[in-house]
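Report on the following structure.
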Amino acid sequence: MSIPSSFIDQLIDQADIVEVVGRRLQLNKKGSNFWCLCPFHDDSNPSMAVNQDKQFFYCFVCQESGNAIHFLRQYENLDFVDAIETLASSLGLTVPYENGKQDRMKPSGLVEQAVRFYQKNLNDQIAKKAIQYLKDRSITGETAKKFNIGFAEDKWDALSNHLGKDIPVNELEASGLFSHKDNKFYDRFRGRIIFPIRNIKGEFIAMGGRIIDEGEPKYLNSPETAFFNKSNELFGLFEVKEAEKKIASLIVVEGYMDVIGLYQHGIKNAVATLGTAVTPSHVAKIMRYTNKIFFAFDGDLAGGKAAWKAVENTFPIIREDVNIHFVFFEADHDPDSFINEYGLQAFQKLLDESISLSEYFLSKIKDFNLETLEGRAQAAAFAIPVIHKINNAVIKEIYANEVSQLCGMDVKTMHVPQDSYKTNQKANQNPANPVIPVRVKALINIFSALLKHPALAQEEIFKGLKEDVKFTFLFDVIALYQQSPDIKPSRVLESLESSQIQGYFSQAVIAELDLSEENALKLIEDCINVLLKNQKDREQILKDKYNVTSITKVERRDLQKIILNKEEISDDDRDWLKKLSSNQD
Ligand SMILES: [Zn+2]
(Lines give C-alpha, C1' and ligand atoms only; values in the text may rest on other atoms or scores of the structure.)
Protein backbone atom coordinates (compact mmCIF):
# COMPACT_ATOMS: atom_id res chain seq x y z
CA MET A 1 0.00 0.00 0.00
CA SER A 2 1.20 3.45 -0.71
CA ILE A 3 -0.03 7.00 -0.32
CA PRO A 4 -0.69 8.94 -3.53
CA SER A 5 1.58 11.95 -3.89
CA SER A 6 -1.42 14.12 -4.70
CA PHE A 7 -2.68 13.47 -1.18
CA ILE A 8 0.68 14.43 0.29
CA ASP A 9 0.48 17.66 -1.72
CA GLN A 10 -2.98 18.27 -0.35
CA LEU A 11 -1.80 17.68 3.21
CA ILE A 12 1.15 20.03 2.87
CA ASP A 13 -1.24 22.53 1.40
CA GLN A 14 -3.83 22.34 4.16
CA ALA A 15 -1.69 21.74 7.21
CA ASP A 16 -0.39 24.76 9.07
CA ILE A 17 3.01 24.22 10.63
CA VAL A 18 2.32 26.94 13.21
CA GLU A 19 -0.69 24.95 14.34
CA VAL A 20 1.22 21.64 14.28
CA VAL A 21 4.17 22.97 16.29
CA GLY A 22 2.01 25.28 18.39
CA ARG A 23 -0.12 22.39 19.64
CA ARG A 24 3.03 20.85 21.04
CA LEU A 25 5.36 23.71 21.92
CA GLN A 26 4.93 27.25 23.16
CA LEU A 27 5.34 29.65 20.22
CA ASN A 28 5.93 33.38 20.36
CA LYS A 29 5.71 35.66 17.38
CA LYS A 30 8.72 37.88 16.76
CA GLY A 31 9.22 39.56 13.39
CA SER A 32 8.13 37.38 10.52
CA ASN A 33 8.71 34.13 12.44
CA PHE A 34 7.30 32.29 15.42
CA TRP A 35 9.93 31.17 17.91
CA CYS A 36 10.16 28.40 20.46
CA LEU A 37 12.61 26.41 22.52
CA CYS A 38 13.99 23.76 20.21
CA PRO A 39 12.94 20.26 21.33
CA PHE A 40 15.78 18.64 19.41
CA HIS A 41 18.64 19.96 21.49
CA ASP A 42 18.90 21.24 25.04
CA ASP A 43 17.76 24.76 24.41
CA SER A 44 17.61 27.61 26.90
CA ASN A 45 16.86 30.50 24.53
CA PRO A 46 14.29 30.04 21.81
CA SER A 47 16.35 29.10 18.77
CA MET A 48 13.77 27.38 16.63
CA ALA A 49 12.01 29.55 14.07
CA VAL A 50 8.70 28.55 12.55
CA ASN A 51 7.70 30.41 9.43
CA GLN A 52 4.04 30.44 8.53
CA ASP A 53 4.34 31.80 4.99
CA LYS A 54 6.91 29.25 4.04
CA GLN A 55 5.49 26.49 6.25
CA PHE A 56 8.96 25.71 7.58
CA PHE A 57 10.78 25.31 10.85
CA TYR A 58 14.48 25.72 11.40
CA CYS A 59 16.70 25.56 14.49
CA PHE A 60 19.61 27.95 14.34
CA VAL A 61 21.61 25.87 16.80
CA CYS A 62 21.18 22.21 15.94
CA GLN A 63 19.93 22.94 12.41
CA GLU A 64 17.03 20.53 12.61
CA SER A 65 14.62 21.74 9.95
CA GLY A 66 11.84 20.96 7.55
CA ASN A 67 8.09 21.09 7.01
CA ALA A 68 5.22 19.89 9.18
CA ILE A 69 5.78 16.26 8.19
CA HIS A 70 9.44 16.46 9.17
CA PHE A 71 8.57 18.08 12.44
CA LEU A 72 6.16 15.31 13.40
CA ARG A 73 8.57 12.59 12.35
CA GLN A 74 11.34 14.03 14.49
CA TYR A 75 9.26 15.20 17.40
CA GLU A 76 7.05 12.16 17.83
CA ASN A 77 9.55 9.71 16.42
CA LEU A 78 7.20 8.54 13.68
CA ASP A 79 7.84 6.87 10.39
CA PHE A 80 6.64 8.60 7.23
CA VAL A 81 3.26 6.85 7.05
CA ASP A 82 2.53 7.50 10.72
CA ALA A 83 3.43 11.17 10.32
CA ILE A 84 1.05 11.40 7.36
CA GLU A 85 -1.67 9.66 9.41
CA THR A 86 -1.15 12.09 12.28
CA LEU A 87 -1.34 15.14 10.08
CA ALA A 88 -4.33 13.80 8.16
CA SER A 89 -6.26 12.94 11.29
CA SER A 90 -5.64 16.41 12.76
CA LEU A 91 -7.23 17.85 9.62
CA GLY A 92 -10.07 15.35 9.65
CA LEU A 93 -8.85 13.72 6.43
CA THR A 94 -8.63 10.01 5.74
CA VAL A 95 -5.47 8.75 4.08
CA PRO A 96 -6.41 7.16 0.73
CA TYR A 97 -4.07 4.21 0.53
CA GLU A 98 -3.41 2.93 -2.96
CA ASN A 99 -3.52 -0.76 -3.59
CA GLY A 100 -1.52 -2.59 -6.13
CA LYS A 101 1.97 -1.29 -5.69
CA GLN A 102 4.07 -3.94 -3.98
CA ASP A 103 5.69 -2.75 -0.86
CA ARG A 104 7.81 -4.52 1.71
CA MET A 105 5.65 -3.27 4.55
CA LYS A 106 2.48 -4.66 3.03
CA PRO A 107 1.08 -7.35 5.30
CA SER A 108 1.30 -10.85 3.98
CA GLY A 109 -2.08 -12.05 2.72
CA LEU A 110 -1.26 -15.30 4.48
CA VAL A 111 -2.07 -13.75 7.84
CA GLU A 112 -5.60 -12.98 6.71
CA GLN A 113 -5.98 -16.49 5.26
CA ALA A 114 -4.82 -17.91 8.60
CA VAL A 115 -7.25 -15.70 10.52
CA ARG A 116 -10.16 -16.97 8.41
CA PHE A 117 -9.01 -20.58 8.80
CA TYR A 118 -8.70 -20.30 12.58
CA GLN A 119 -12.02 -18.51 12.78
CA LYS A 120 -13.74 -21.44 11.03
CA ASN A 121 -12.13 -23.78 13.56
CA LEU A 122 -13.91 -22.09 16.43
CA ASN A 123 -16.81 -24.54 16.41
CA ASP A 124 -18.24 -27.19 18.71
CA GLN A 125 -16.53 -30.09 16.97
CA ILE A 126 -12.97 -28.80 17.02
CA ALA A 127 -12.84 -26.16 19.72
CA LYS A 128 -15.06 -27.34 22.59
CA LYS A 129 -12.68 -26.26 25.33
CA ALA A 130 -11.90 -22.93 23.68
CA ILE A 131 -15.58 -22.13 23.40
CA GLN A 132 -16.07 -23.08 27.02
CA TYR A 133 -13.21 -20.78 28.00
CA LEU A 134 -14.84 -17.87 26.16
CA LYS A 135 -18.25 -18.69 27.63
CA ASP A 136 -16.76 -18.75 31.14
CA ARG A 137 -15.69 -15.20 30.46
CA SER A 138 -19.14 -14.38 29.15
CA ILE A 139 -17.84 -13.66 25.65
CA THR A 140 -20.71 -14.04 23.16
CA GLY A 141 -20.47 -15.31 19.61
CA GLU A 142 -21.12 -11.79 18.40
CA THR A 143 -18.14 -10.38 20.28
CA ALA A 144 -15.96 -13.28 19.12
CA LYS A 145 -16.94 -12.39 15.57
CA LYS A 146 -16.26 -8.70 16.09
CA PHE A 147 -12.65 -9.48 17.07
CA ASN A 148 -12.33 -12.37 14.60
CA ILE A 149 -11.41 -14.73 17.42
CA GLY A 150 -10.35 -18.18 16.23
CA PHE A 151 -8.86 -21.46 17.33
CA ALA A 152 -5.68 -23.26 16.31
CA GLU A 153 -5.80 -27.02 16.78
CA ASP A 154 -3.00 -28.75 18.61
CA LYS A 155 -1.37 -29.96 15.39
CA TRP A 156 1.96 -29.16 13.73
CA ASP A 157 0.63 -28.87 10.21
CA ALA A 158 -3.04 -27.85 10.30
CA LEU A 159 -2.41 -24.39 8.86
CA SER A 160 0.32 -25.44 6.45
CA ASN A 161 -1.91 -28.21 5.07
CA HIS A 162 -4.76 -25.77 4.74
CA LEU A 163 -2.65 -23.25 2.82
CA GLY A 164 -1.31 -25.94 0.46
CA LYS A 165 2.08 -26.52 -1.07
CA ASP A 166 2.25 -23.74 -3.61
CA ILE A 167 3.26 -20.92 -1.31
CA PRO A 168 6.84 -19.71 -1.76
CA VAL A 169 9.18 -20.40 1.15
CA ASN A 170 10.05 -16.73 1.64
CA GLU A 171 6.37 -15.88 1.97
CA LEU A 172 5.84 -18.56 4.60
CA GLU A 173 8.89 -17.27 6.41
CA ALA A 174 7.84 -13.61 6.21
CA SER A 175 4.33 -14.26 7.52
CA GLY A 176 5.48 -15.04 11.06
CA LEU A 177 2.94 -17.88 11.22
CA PHE A 178 5.40 -20.74 11.15
CA SER A 179 8.56 -21.90 12.77
CA HIS A 180 11.15 -23.14 10.32
CA LYS A 181 13.31 -26.12 11.19
CA ASP A 182 15.21 -28.65 9.06
CA ASN A 183 13.67 -27.32 5.88
CA LYS A 184 10.17 -27.81 7.25
CA PHE A 185 7.58 -25.30 8.34
CA TYR A 186 5.58 -25.99 11.51
CA ASP A 187 2.49 -24.15 12.67
CA ARG A 188 3.56 -21.64 15.31
CA PHE A 189 0.13 -21.52 16.97
CA ARG A 190 -1.10 -24.84 18.33
CA GLY A 191 -3.85 -25.58 20.85
CA ARG A 192 -4.53 -21.88 21.30
CA ILE A 193 -7.37 -19.40 21.10
CA ILE A 194 -6.36 -16.94 18.41
CA PHE A 195 -6.70 -13.17 18.75
CA PRO A 196 -5.95 -11.55 15.39
CA ILE A 197 -4.13 -8.21 15.46
CA ARG A 198 -5.01 -5.56 12.88
CA ASN A 199 -3.18 -2.40 11.98
CA ILE A 200 -4.93 0.96 11.83
CA LYS A 201 -5.96 0.27 8.24
CA GLY A 202 -7.73 -2.91 9.33
CA GLU A 203 -5.26 -5.28 7.74
CA PHE A 204 -4.44 -8.44 9.68
CA ILE A 205 -0.77 -8.23 10.55
CA ALA A 206 -0.19 -10.68 13.38
CA MET A 207 -1.92 -12.71 16.05
CA GLY A 208 -1.74 -13.62 19.67
CA GLY A 209 -2.67 -17.01 21.04
CA ARG A 210 -3.75 -18.11 24.49
CA ILE A 211 -3.07 -21.70 25.39
CA ILE A 212 -6.12 -23.82 26.21
CA ASP A 213 -4.60 -26.77 28.03
CA GLU A 214 -1.64 -26.68 30.35
CA GLY A 215 1.49 -25.41 28.70
CA GLU A 216 3.90 -22.57 28.23
CA PRO A 217 3.87 -19.82 27.36
CA LYS A 218 0.35 -18.90 28.34
CA TYR A 219 0.31 -16.16 25.71
CA LEU A 220 2.20 -16.30 22.44
CA ASN A 221 2.47 -13.49 19.90
CA SER A 222 3.56 -13.46 16.28
CA PRO A 223 7.22 -12.50 16.02
CA GLU A 224 8.09 -9.08 14.63
CA THR A 225 7.89 -9.03 10.86
CA ALA A 226 8.32 -6.42 8.16
CA PHE A 227 4.71 -5.37 8.79
CA PHE A 228 4.36 -6.02 12.52
CA ASN A 229 6.26 -3.98 15.06
CA LYS A 230 4.77 -4.71 18.44
CA SER A 231 6.02 -1.56 20.14
CA ASN A 232 4.05 0.40 17.58
CA GLU A 233 0.72 -1.45 17.46
CA LEU A 234 -2.31 -1.36 19.72
CA PHE A 235 -4.76 -4.24 19.80
CA GLY A 236 -8.32 -3.01 19.31
CA LEU A 237 -7.52 0.47 17.96
CA PHE A 238 -8.87 -0.33 14.51
CA GLU A 239 -12.08 -1.66 16.03
CA VAL A 240 -12.61 1.51 18.09
CA LYS A 241 -11.84 3.74 15.15
CA GLU A 242 -14.19 1.74 12.94
CA ALA A 243 -17.08 2.38 15.35
CA GLU A 244 -16.33 5.95 16.38
CA LYS A 245 -15.27 8.58 13.88
CA LYS A 246 -14.15 11.02 16.55
CA ILE A 247 -12.85 9.04 19.51
CA ALA A 248 -13.81 10.71 22.78
CA SER A 249 -11.40 8.73 24.93
CA LEU A 250 -9.26 5.61 24.91
CA ILE A 251 -8.48 3.21 27.74
CA VAL A 252 -5.07 1.57 27.47
CA VAL A 253 -4.96 -1.89 29.03
CA GLU A 254 -2.47 -4.72 29.00
CA GLY A 255 -4.08 -7.73 27.32
CA TYR A 256 -6.41 -8.78 24.50
CA MET A 257 -8.80 -10.36 26.95
CA ASP A 258 -9.06 -7.03 28.79
CA VAL A 259 -10.08 -5.29 25.57
CA ILE A 260 -12.54 -8.02 24.65
CA GLY A 261 -13.94 -8.43 28.18
CA LEU A 262 -14.53 -4.69 28.49
CA TYR A 263 -16.16 -4.63 25.05
CA GLN A 264 -18.49 -7.42 26.08
CA HIS A 265 -19.63 -5.34 29.06
CA GLY A 266 -20.17 -2.19 27.05
CA ILE A 267 -16.78 -0.44 27.33
CA LYS A 268 -15.95 -0.22 23.65
CA ASN A 269 -12.96 2.09 23.68
CA ALA A 270 -10.16 -0.04 25.13
CA VAL A 271 -6.90 -0.83 23.36
CA ALA A 272 -4.05 -3.07 24.50
CA THR A 273 -0.30 -2.96 24.18
CA LEU A 274 1.02 -6.29 22.99
CA GLY A 275 3.05 -7.64 25.83
CA THR A 276 5.26 -4.57 26.01
CA ALA A 277 5.33 -1.52 28.22
CA VAL A 278 3.69 1.62 26.84
CA THR A 279 6.20 3.04 24.34
CA PRO A 280 6.58 6.60 23.04
CA SER A 281 5.14 5.50 19.69
CA HIS A 282 2.11 4.08 21.48
CA VAL A 283 1.52 7.39 23.21
CA ALA A 284 2.02 9.38 20.01
CA LYS A 285 -0.38 7.06 18.20
CA ILE A 286 -3.05 7.31 20.90
CA MET A 287 -2.76 11.11 21.06
CA ARG A 288 -3.39 11.18 17.34
CA TYR A 289 -6.91 9.81 17.77
CA THR A 290 -8.07 11.22 21.07
CA ASN A 291 -7.14 13.79 23.68
CA LYS A 292 -8.47 11.87 26.65
CA ILE A 293 -6.46 8.85 27.69
CA PHE A 294 -6.85 6.44 30.57
CA PHE A 295 -3.97 4.14 31.40
CA ALA A 296 -5.22 1.14 33.33
CA PHE A 297 -2.73 -0.92 35.32
CA ASP A 298 -2.72 -3.72 37.83
CA GLY A 299 -2.42 -2.47 41.38
CA ASP A 300 0.71 -4.52 42.10
CA LEU A 301 4.37 -3.54 41.93
CA ALA A 302 4.70 -4.48 38.27
CA GLY A 303 1.66 -2.35 37.47
CA GLY A 304 3.24 0.59 39.28
CA LYS A 305 6.43 0.23 37.29
CA ALA A 306 4.53 0.01 34.03
CA ALA A 307 2.56 3.13 34.95
CA TRP A 308 5.74 5.08 35.65
CA LYS A 309 7.16 3.97 32.30
CA ALA A 310 4.02 5.38 30.68
CA VAL A 311 4.60 8.69 32.48
CA GLU A 312 8.18 8.89 31.23
CA ASN A 313 7.17 8.10 27.68
CA THR A 314 4.30 10.58 27.74
CA PHE A 315 6.17 13.60 29.11
CA PRO A 316 8.23 14.44 26.00
CA ILE A 317 5.16 14.83 23.79
CA ILE A 318 2.52 15.91 26.26
CA ARG A 319 0.30 18.80 25.18
CA GLU A 320 -1.98 21.15 27.05
CA ASP A 321 -5.04 19.87 25.21
CA VAL A 322 -4.52 16.24 26.23
CA ASN A 323 -5.93 14.78 29.44
CA ILE A 324 -4.20 11.76 30.85
CA HIS A 325 -5.53 9.67 33.72
CA PHE A 326 -4.43 6.60 35.60
CA VAL A 327 -6.59 3.77 36.88
CA PHE A 328 -5.17 1.17 39.23
CA PHE A 329 -6.91 -2.11 40.01
CA GLU A 330 -6.79 -3.81 43.35
CA ALA A 331 -4.40 -6.76 43.50
CA ASP A 332 -5.70 -9.98 41.86
CA HIS A 333 -7.78 -8.00 39.40
CA ASP A 334 -7.28 -6.89 35.84
CA PRO A 335 -9.83 -4.91 33.80
CA ASP A 336 -11.44 -8.10 32.47
CA SER A 337 -11.84 -9.82 35.82
CA PHE A 338 -12.92 -6.57 37.47
CA ILE A 339 -15.74 -5.84 35.08
CA ASN A 340 -16.81 -9.49 35.14
CA GLU A 341 -17.10 -9.40 38.88
CA TYR A 342 -18.39 -5.87 39.56
CA GLY A 343 -20.00 -4.84 36.28
CA LEU A 344 -20.11 -1.80 34.05
CA GLN A 345 -21.13 0.82 36.60
CA ALA A 346 -18.33 -0.06 39.00
CA PHE A 347 -15.88 0.21 36.13
CA GLN A 348 -17.31 3.53 35.06
CA LYS A 349 -16.89 4.72 38.63
CA LEU A 350 -13.22 3.73 38.54
CA LEU A 351 -12.76 5.88 35.43
CA ASP A 352 -14.55 8.79 37.09
CA GLU A 353 -12.30 8.52 40.11
CA SER A 354 -9.08 8.00 38.17
CA ILE A 355 -6.15 10.21 39.07
CA SER A 356 -4.67 12.68 36.63
CA LEU A 357 -1.13 12.51 35.33
CA SER A 358 -0.06 15.46 37.45
CA GLU A 359 -1.64 14.00 40.59
CA TYR A 360 0.10 10.72 39.92
CA PHE A 361 3.42 12.42 39.33
CA LEU A 362 3.15 14.55 42.46
CA SER A 363 2.14 11.52 44.52
CA LYS A 364 5.51 10.04 43.59
CA ILE A 365 7.23 13.16 44.94
CA LYS A 366 5.19 12.97 48.11
CA ASP A 367 6.44 9.41 48.63
CA PHE A 368 9.75 10.95 49.69
CA ASN A 369 10.08 12.14 53.26
CA LEU A 370 9.55 15.82 52.60
CA GLU A 371 9.87 16.62 56.31
CA THR A 372 13.63 16.32 56.09
CA LEU A 373 16.13 18.24 54.00
CA GLU A 374 17.61 14.97 52.72
CA GLY A 375 14.19 13.73 51.65
CA ARG A 376 13.45 16.98 49.82
CA ALA A 377 16.82 16.84 48.06
CA GLN A 378 16.16 13.24 47.00
CA ALA A 379 12.71 14.18 45.74
CA ALA A 380 14.14 17.06 43.70
CA ALA A 381 16.89 14.85 42.28
CA PHE A 382 14.22 12.36 41.27
CA ALA A 383 11.93 14.97 39.73
CA ILE A 384 14.33 17.19 37.81
CA PRO A 385 15.37 14.78 35.03
CA VAL A 386 11.74 13.77 34.56
CA ILE A 387 10.51 17.36 34.33
CA HIS A 388 13.25 18.12 31.84
CA LYS A 389 11.73 15.54 29.53
CA ILE A 390 8.71 17.82 29.09
CA ASN A 391 9.02 19.85 25.92
CA ASN A 392 5.82 21.84 26.32
CA ALA A 393 6.93 25.06 28.05
CA VAL A 394 3.65 25.78 29.84
CA ILE A 395 3.29 22.30 31.28
CA LYS A 396 6.96 22.21 32.21
CA GLU A 397 6.56 25.47 34.11
CA ILE A 398 3.56 24.16 36.04
CA TYR A 399 5.28 20.93 37.04
CA ALA A 400 8.48 22.73 37.97
CA ASN A 401 6.55 25.18 40.17
CA GLU A 402 4.65 22.41 41.95
CA VAL A 403 7.79 20.42 42.64
CA SER A 404 9.66 23.55 43.73
CA GLN A 405 6.97 24.20 46.27
CA LEU A 406 6.94 20.64 47.59
CA CYS A 407 10.71 20.44 47.82
CA GLY A 408 11.25 23.98 49.03
CA MET A 409 13.78 24.74 46.31
CA ASP A 410 13.69 26.19 42.84
CA VAL A 411 14.06 23.17 40.59
CA LYS A 412 13.97 25.30 37.44
CA THR A 413 17.42 26.65 38.14
CA MET A 414 18.83 23.23 39.00
CA HIS A 415 20.69 21.29 36.40
CA VAL A 416 19.96 17.90 35.04
CA PRO A 417 22.74 15.34 34.98
CA GLN A 418 24.24 15.56 31.51
CA ASP A 419 23.35 12.05 30.36
CA SER A 420 19.66 12.57 30.85
CA TYR A 421 19.59 15.19 28.12
CA LYS A 422 18.53 14.12 24.72
CA THR A 423 21.73 13.37 22.93
CA ASN A 424 22.11 15.31 19.78
CA GLN A 425 25.62 15.64 18.53
CA LYS A 426 24.70 18.41 16.18
CA ALA A 427 23.88 20.49 19.23
CA ASN A 428 27.47 20.48 20.39
CA GLN A 429 28.32 23.33 18.10
CA ASN A 430 28.84 26.72 19.62
CA PRO A 431 25.44 28.35 19.11
CA ALA A 432 26.85 31.87 19.00
CA ASN A 433 29.17 31.10 16.18
CA PRO A 434 28.30 28.06 14.16
CA VAL A 435 31.03 27.46 11.64
CA ILE A 436 29.47 27.29 8.21
CA PRO A 437 31.89 26.32 5.44
CA VAL A 438 31.95 28.74 2.48
CA ARG A 439 30.77 26.00 0.17
CA VAL A 440 27.67 25.51 2.29
CA LYS A 441 27.08 29.24 2.53
CA ALA A 442 27.28 29.47 -1.24
CA LEU A 443 24.72 26.74 -1.60
CA ILE A 444 22.35 28.34 0.90
CA ASN A 445 22.67 31.64 -0.95
CA ILE A 446 21.82 30.01 -4.26
CA PHE A 447 18.72 28.52 -2.66
CA SER A 448 17.83 31.92 -1.16
CA ALA A 449 18.16 33.63 -4.52
CA LEU A 450 16.01 30.99 -6.21
CA LEU A 451 13.37 31.17 -3.50
CA LYS A 452 13.09 34.91 -3.96
CA HIS A 453 13.28 34.87 -7.76
CA PRO A 454 12.29 31.45 -9.10
CA ALA A 455 12.47 32.78 -12.65
CA LEU A 456 16.25 32.79 -12.34
CA ALA A 457 16.13 29.01 -12.67
CA GLN A 458 15.85 29.65 -16.42
CA GLU A 459 19.28 31.35 -16.53
CA GLU A 460 22.20 29.88 -18.42
CA ILE A 461 24.43 30.64 -15.50
CA PHE A 462 24.04 27.25 -13.81
CA LYS A 463 25.62 25.42 -16.72
CA GLY A 464 29.04 26.00 -15.15
CA LEU A 465 28.23 23.45 -12.48
CA LYS A 466 26.74 20.96 -14.86
CA GLU A 467 27.55 17.29 -15.07
CA ASP A 468 29.08 17.07 -11.67
CA VAL A 469 27.13 14.40 -9.85
CA LYS A 470 27.77 16.28 -6.62
CA PHE A 471 25.37 18.97 -7.77
CA THR A 472 22.63 16.72 -9.12
CA PHE A 473 20.29 17.80 -6.33
CA LEU A 474 20.79 21.44 -7.31
CA PHE A 475 19.78 20.68 -10.87
CA ASP A 476 16.75 18.79 -9.59
CA VAL A 477 15.72 21.90 -7.68
CA ILE A 478 16.38 24.12 -10.68
CA ALA A 479 14.29 21.79 -12.84
CA LEU A 480 11.41 22.03 -10.37
CA TYR A 481 11.50 25.83 -10.52
CA GLN A 482 11.73 25.75 -14.29
CA GLN A 483 8.61 23.61 -14.51
CA SER A 484 6.58 25.50 -11.95
CA PRO A 485 7.99 28.82 -10.74
CA ASP A 486 5.35 29.16 -8.01
CA ILE A 487 6.02 25.74 -6.47
CA LYS A 488 5.81 25.79 -2.66
CA PRO A 489 9.14 25.55 -0.82
CA SER A 490 7.67 22.70 1.20
CA ARG A 491 7.24 20.66 -1.99
CA VAL A 492 10.78 21.41 -3.09
CA LEU A 493 11.97 20.18 0.26
CA GLU A 494 10.11 16.89 -0.17
CA SER A 495 12.02 16.30 -3.41
CA LEU A 496 15.42 16.56 -1.75
CA GLU A 497 16.80 13.22 -0.67
CA SER A 498 19.67 14.18 1.58
CA SER A 499 18.69 15.46 5.00
CA GLN A 500 21.81 17.63 4.98
CA ILE A 501 20.73 19.39 1.80
CA GLN A 502 17.21 19.66 3.21
CA GLY A 503 18.77 21.47 6.15
CA TYR A 504 20.54 23.95 3.87
CA PHE A 505 17.38 24.52 1.92
CA SER A 506 15.37 25.15 5.10
CA GLN A 507 18.01 27.57 6.28
CA ALA A 508 17.56 29.53 3.06
CA VAL A 509 13.78 29.50 3.46
CA ILE A 510 13.97 30.86 6.99
CA ALA A 511 16.68 33.41 6.21
CA GLU A 512 14.38 35.02 3.61
CA LEU A 513 16.95 37.23 1.91
CA ASP A 514 15.47 40.41 0.52
CA LEU A 515 17.13 40.75 -2.86
CA SER A 516 16.34 42.49 -6.08
CA GLU A 517 16.37 40.21 -9.09
CA GLU A 518 19.57 41.81 -10.29
CA ASN A 519 21.32 41.25 -6.96
CA ALA A 520 19.99 37.72 -6.77
CA LEU A 521 21.53 36.93 -10.13
CA LYS A 522 24.80 38.47 -9.03
CA LEU A 523 24.69 36.42 -5.84
CA ILE A 524 24.15 33.22 -7.80
CA GLU A 525 27.12 34.05 -10.02
CA ASP A 526 29.37 34.67 -7.04
CA CYS A 527 28.27 31.51 -5.34
CA ILE A 528 28.77 29.38 -8.39
CA ASN A 529 32.28 30.75 -8.58
CA VAL A 530 32.81 29.80 -4.95
CA LEU A 531 31.59 26.29 -5.64
CA LEU A 532 33.83 26.03 -8.72
CA LYS A 533 36.79 27.45 -6.84
CA ASN A 534 36.07 24.91 -4.19
CA GLN A 535 36.40 22.29 -6.90
CA LYS A 536 39.70 23.85 -8.01
CA ASP A 537 40.99 23.75 -4.46
CA ARG A 538 39.97 20.16 -4.25
CA GLU A 539 41.78 19.42 -7.49
CA GLN A 540 45.00 20.89 -6.12
CA ILE A 541 44.67 19.11 -2.78
CA LEU A 542 44.17 15.75 -4.50
CA LYS A 543 47.10 16.33 -6.86
CA ASP A 544 49.38 17.23 -3.97
CA LYS A 545 48.25 14.20 -2.10
CA TYR A 546 48.92 12.02 -5.14
CA ASN A 547 52.44 13.41 -5.49
CA VAL A 548 53.37 13.19 -1.85
CA THR A 549 51.69 10.01 -0.64
CA SER A 550 48.91 8.16 -2.38
CA ILE A 551 45.21 8.67 -2.94
CA THR A 552 42.31 6.32 -2.37
CA LYS A 553 40.20 4.87 -5.17
CA VAL A 554 37.39 7.27 -4.40
CA GLU A 555 39.73 10.24 -4.46
CA ARG A 556 41.22 9.02 -7.71
CA ARG A 557 37.79 8.85 -9.28
CA ASP A 558 36.96 12.27 -7.88
CA LEU A 559 40.06 13.82 -9.37
CA GLN A 560 39.37 12.20 -12.74
CA LYS A 561 35.88 13.60 -12.66
CA ILE A 562 37.00 17.10 -11.74
CA ILE A 563 39.42 17.13 -14.67
CA LEU A 564 36.96 15.61 -17.13
CA ASN A 565 34.33 18.16 -16.17
CA LYS A 566 36.51 21.08 -17.22
CA GLU A 567 35.38 22.99 -20.27
CA GLU A 568 38.84 22.90 -21.74
CA ILE A 569 41.25 20.11 -21.04
CA SER A 570 44.89 21.19 -21.15
CA ASP A 571 47.93 19.04 -21.94
CA ASP A 572 48.73 18.98 -18.29
CA ASP A 573 45.22 17.67 -17.60
CA ARG A 574 45.72 14.98 -20.22
CA ASP A 575 48.93 13.88 -18.52
CA TRP A 576 47.10 13.68 -15.23
CA LEU A 577 44.31 11.62 -16.73
CA LYS A 578 46.86 9.25 -18.18
CA LYS A 579 48.66 8.98 -14.86
CA LEU A 580 45.42 8.35 -12.99
CA SER A 581 44.14 5.66 -15.32
CA SER A 582 47.42 3.79 -15.85
CA ASN A 583 48.43 3.68 -12.25
CA GLN A 584 45.46 1.80 -10.81
CA ASP A 585 45.92 -0.24 -7.71
ZN1 LIG B 1 17.78 22.74 17.93
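Some points to look at:
- Residues GLU567 and SER5, FRET efficiency given R0 of 51 Å [Cβ-Cβ distance, rounded to 0.05]: 0.85
- Averaged over its residues, the chain has an accessible area of 50 Å² per residue, based on protein heavy atoms and a 1.4 Å probe.
- Ellipticity at 222 nm from helices only: DSSP H runs of n ≥ 4 in the chain, each -39500 (n - 2.57), divided by the residue count, give -14500 deg cm²/dmol.
- The chain - percent of accessible surface contributed by carbon and sulfur, probe 1.4 Å: 49 percent
- Proximal aspartates and glutamates relative to LYS241, as straight alpha-carbon distance under 16 Å, when same-chain residues fewer than 8 apart are discounted: ASP82, GLU85, GLU203, GLU233
- Along the chain, longest interval not containing exposed GluC sites (Glu not before Pro), exposed being DSSP loop plus at most 11 other Cβ atoms within 10 Å: 1-213
- DSSP-loop trypsin sites (Lys or Arg not before Pro) across the stretch 494-585, with at most 14 other Cβ within 10 angstrom: LYS566
- Cα-based reach from LYS245 at 17 Å (exclusive), listing lysines while leaving out same-chain residues under 8 positions away: LYS201, LYS268, LYS285, LYS292
- Anisotropy class of the stretch 118-240 from Cα gyration tensor, a/c 1.5 cut: oblate
The values are calculated or read from the model by the stated rules, or taken from the named source; none is laboratory data. Everything quoted here is computed from the prediction, not taken from an experiment. All Cβ positions, glycine included, derive from the backbone under ideal geometry; neighbour counts span all protein chains shown. Note: areas computed on protein heavy atoms with side chains; ligands, DNA, RNA excluded. Shrake-Rupley method; radii C 1.70, N 1.55, O 1.52, S 1.80 Å.
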